[in-house]
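Colleague: Dropping a structure here in structure tokens format, bear with me for questions.
The values are calculated or read from the model by the stated rules, or taken from the named source; none is laboratory data. Remember, it's a predicted structure, so these values are computed and weren't measured experimentally. Neighbour counts run over all protein chains shown; Cβ positions are idealised from the backbone, glycine included.
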Amino acid sequence: MIGRLLKAVLIVVVLAAVAAFLLGYRLGDLTPATATGPAGETRTAPAIDTDKARQRGANAGEALANSANRAKEALTAGTLTTRIKSKMALDDTVDAASINVDTVGGAVTLSGTVRSEAERTKAVLLARETVGVISVTDRLSVR
């Protein structure tokens with residue numbers, strides 16, 4: 001489900017970047033046009049700076065790409081935290097409710113209280129075995 005959401009976000013970002021680029025390109029190709037005003041005077045549309053239009057399109061595309069990357073990182077961290085908490089909840093020797101899991105990138109920090117040294121060891125092991133975890137910081141305290 002999260003994978004589908006991530007794919008949808010990335011597709012929207014790519015489409016928006018392409019649209020911004022093409023819009024900037026299309027606006028840059030316009031030439032000054034003349035029109036007749038209400039009193040019969042001739043007016044000329046202002047010229048559009050093609051370099052400026054292309055730069056704005058590129059900036060919009062870059063901003064969208066950066067937003068997509070931040071969204072992906074947030075989803076990845078949330079997914080990793082959820083995987084670890086699920087493993088702990090399914091394990092009979094670990095009280096998952098008393099352990100807090102914080103994830104930044106692939107770095108995981110476990111904090112809270114556990115009933116024994118064996119529970120602490122198992123919680124750290126479950127976190128380390130999770131795919132995507134780079135490091136585990138143990139801040140668990142034994143009651």
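Colleague: Restricted to region 116-131, and to residues that are polar (S, T, N, Q) and not in a helix (DSSP H, G or I), which residue is modelled with the highest pLDDT?
Modeller: Only one residue tops the list, namely S116.
Colleague: A further question follows. Hey, can you tell me all the residues within region 65-115 that are hydrophobic (A, V, I, L, M, F, W, C), assigned to a helix (DSSP H, G or I) and modelled with pLDDT of 85 or more?
Modeller: The answer is L80, I84, M88, A89, L90, A96, A97.
Colleague: State all residues of region 124-142 that are of a type in the set (S, T, Y) and either surrounded by fewer than 11 Cβ atoms within 10 Å (Cβ to Cβ) or in contact with a Leu (Cβ under 9 Å, 6 or more places away or on another chain) (or both); if no residue qualifies, say none.
Modeller: If the condition is that a residue be of a type in the set (S, T, Y) and either surrounded by fewer than 11 Cβ atoms within 10 Å (Cβ to Cβ) or in contact with a Leu (Cβ under 9 Å, 6 or more places away or on another chain) (or both), then T130, T137, S141 are the ones that fit.
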